[in-house]
Every structure is written in C-alpha cells, then in structure tokens.
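Shown next, in structure tokens, is the structure this report addresses.
The values are calculated or read from the model by the stated rules, or taken from the named source; none is laboratory data. Here the structure is a predicted model, which is why all the values come from computation and not from measurement. Because the Cβ atoms are built from the backbone with ideal geometry, glycine has one as well, and the counts that use them run over all protein chains shown. Heads up: the accessible areas ignore ligands, DNA and RNA and are worked out on the full protein's heavy atoms, side chains in. Shrake-Rupley method; radii C 1.70, N 1.55, O 1.52, S 1.80 Å.
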Amino acid sequence: MPSLPQIRVHANFGDLSPSSHDALVVVYSEFADFCSLQSAGISQAIEAVQPFAKVDKEFGKAVVLVPTAAVGGGRLILSPMGSLADDTDDVRKIADAVKAGVLRAAEAGARRPAICVAQGLPSADEVADADYSRWVEVALLAALDAS
C-alpha cells in the first residue's frame with residue numbers, strides 16, 4: 001500500500017527550507033500580490049520574475065514556470081486564481097489554482113512541491129457568504145488530487 005506524502009504547513013515563507021521542496025507553487029489573485037510579498041527569502045524569487053514581467057504584459061496571468069535558484073529545486077511556478085471578491089467566488093478558485101500549479105510542477109519533474117498563497121483571504125465581513133476558513137485543507141486536497 002502506498003504511503004501518504006509528508007505534509008507540513010508553515011505560517012511564514014521564511015520557515016520553509018529550500019531543501020524541503022523541489023518546486024515552489026505560488027498562488028495569488030493578482031500578480032502584484034506576489035510581487036508585494038515581504039517574507040524573508042522570497043525577495044530573490046520576486047527579483048527573478050521581474051525581467052519576464054517587464055517584457056510581457058500578460059506575464060503572471062496564466063500558470064508559468066520560472067527557473068530560478070532562489071527557490072528549492074530551481075522551479076518557481078506562478079499560478080493565478082483571479083479575484084476572490086466577487087459574489088460568485090469561493091474556495092474552489094484556490095483549489096483550481098493549486099491543482100494547476102502542482103500539475104505544472106509535476107510536469108517539470110518536481111516530486112515535493114511547496115505551496116504558498118500570496119495574500120490574505122477575504123473574510124465574511126468583506127464578501128457576503130464568504131467561507132475561506134478551510135482553505136488550507138482545500139488547497140492540500142487539490143494538491144493531492146493533482147499528484
């Protein structure tokens with residue numbers, strides 16, 4: 001019987017060791033959310049995508065792999081999920097973005113991707129009927145579904 005993968009949840013990107021993963025999947029609503037991350041260790045990854053963003057106005061609007069030594073395994077996967085503020089949006093957008101990012105990581109040869117959500121999620125005060133309280137579990141299930 002196959003064993004389940006080891007799953008760790010970190011509250012801060014700085015807690016993540018580059019040797020613990022072979023790809024970093026970053027999920028975000030807007031590309032600017034990724035570029036504004038302030039966590040320790042992510043600044044080099046942000047710098048690695050800037051040349052691509054400067055020459056392609058569509059960069060960051062679809063799943064893309066950026067080779068960079070700034071993350072474990074040299075694979076940075078950007079996976080946009082779009083807005084979470086509309087009245088029809090729900091946690092499935094997170095699941096879809098995580099699954100697409102993990103699938104891209106696997107296509108590139110990754111076996112131990114780490115997942116980073118680049119911004120806070122809306123609260124029920126911000127969006128009527130918003131329920132993002134189980135987004136971590138949804139993201140993990142989507143990642144497992146992709147593997």
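Residues checked against (1) surrounded by fewer than 19 Cβ atoms within 10 Å (Cβ to Cβ); (2) of a type in the set (Asp, Glu); (3) at pLDDT below 90:
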{"position": "ARG8", "(1), (2), (3)": "yes, no, yes"}
{"position": "ASP33", "(1), (2), (3)": "yes, yes, yes"}
{"position": "GLN38", "(1), (2), (3)": "yes, no, yes"}
{"position": "ASP86", "(1), (2), (3)": "yes, yes, yes"}
{"position": "VAL98", "(1), (2), (3)": "no, no, no"}
{"position": "ALA106", "(1), (2), (3)": "yes, no, no"}
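Looking at the stretch 131-142, which of the residues that are open to solvent by less than 20 Å² (accessible area, probe 1.4 Å) and among the small types (Gly, Ala, Ser) is nearest to CYS116 (Cα to Cα)? Show your work before the answer.
First, the residues of the stretch 131-142 that are open to solvent by less than 20 Å² (accessible area, probe 1.4 Å): 132, 139, 142.
Of the ones still in play, those that are also among the small types (Gly, Ala, Ser) are 139, 142.
Values: ALA139: 10, ALA142: 13 Å.
Among residues in the stretch 131-142 that are open to solvent by less than 20 Å² (accessible area, probe 1.4 Å) and among the small types (Gly, Ala, Ser), the one nearest to CYS116 (Cα to Cα) is ALA139.
Residues being outside any helix (DSSP H, G or I), aliphatic (A, V, I, L, M) and more than 14 Å from TYR28 (Cα to Cα): count how many of those fall in the stretch 43-69. Walk me through it before giving the result.
Here is the first cut: in the stretch 43-69, the ones outside any helix (DSSP H, G or I) are 56-69.
So of that shortlist, the ones also aliphatic (A, V, I, L, M) come out as 62-66, 69.
Checking which are more than 14 Å from TYR28 (Cα to Cα) leaves us with 65-66, 69.
The qualifying residues number 3.
What are the pairs with Cβ atoms under 6 angstrom where one residue, in the stretch 53-74, is more than 10 Å from ALA23 (Cα to Cα) and the other, located anywhere, is part of a loop (DSSP other than H, G, I, E, B)? Sequence gap at least six, or different chains.
Listed by first residue and then by second, the contacts come to ALA53/PHE59.
Being open to solvent by 20 Å² or more (accessible area, probe 1.4 Å), at pLDDT below 95 and within 19 Å of LEU144 (Cβ to Cβ) is true for just one of VAL63, VAL27, VAL91. Which residue is that?
So the residue among VAL63, VAL27, VAL91 that is open to solvent by 20 Å² or more (accessible area, probe 1.4 Å), at pLDDT below 95 and within 19 Å of LEU144 (Cβ to Cβ) is VAL91.
List every residue pair whose Cβ atoms lie under 8 Å apart, where the two residues are 6 or more positions apart in sequence or sit on different chains, the first residue falls within the stretch 18-45 and is more than 16 Å from LYS99 (Cα to Cα), and the second residue, located anywhere, is in a helix (DSSP H, G or I) and aliphatic (A, V, I, L, M).
PHE31/ALA53; PHE34/ILE46; PHE34/VAL49; CYS35/ILE46; CYS35/VAL49; CYS35/ALA53; LEU37/ILE46
Suppose we keep only residues that are more than 16 Å from THR88 (Cα to Cα) and of a type in the set (Asp, Glu) within the stretch 125-147. Which one would you say is modelled with the lowest pLDDT?
Here the answer is GLU137.
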